[in-house]
């Protein structure tokens, strides 16, 4: 009986990890700047902070989906919804123009904008998670 519980844990856990990896891939596509280049090649702290906040932001509703789901399929569906909501948020915010351009400011390494992006992503993640607590 205990082995079945462990196998169930592994299924949920690795699915959650896969969902985070899918999110990391799609987030880099959704944002108009090259997150990985900015972080790994240019050592852009603003991009790293924004990206880190996005990871936390998507992990919060994934956690909520894990806790509140009634089955594996239910978790997978709500996990996908969580990713979709976070990606929509990132797409909209990074398309703002003018003096509020996240694209320009993060690409330029403006740390305060990276922190703001992180906090916004976390906030959306919390609202996303709260909306899933059915």
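Per-structure values
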| read-out | value |
| --- | --- |
| Using alpha-carbon coordinates, inclination of helix 72-93 to the longest axis of the chain, degrees | 10 degrees |
| Value of relative contact order over the chain, rounded to a whole percent, pairs C-alpha under 8 Å and six or more apart | 36 percent |
| On Cα atoms only, tilt of 45-68 relative to the major axis of the chain in degrees | 20 degrees |
| Angle in degrees between helix 2-30 and the longest Cα principal axis of the chain, rounded to the nearest 10 | 20 degrees |
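Where a number appears in this text, it was derived from the coordinates with a stated rule and is not lab data. Quick caveat, the model's predicted, so the values are computed rather than measured.
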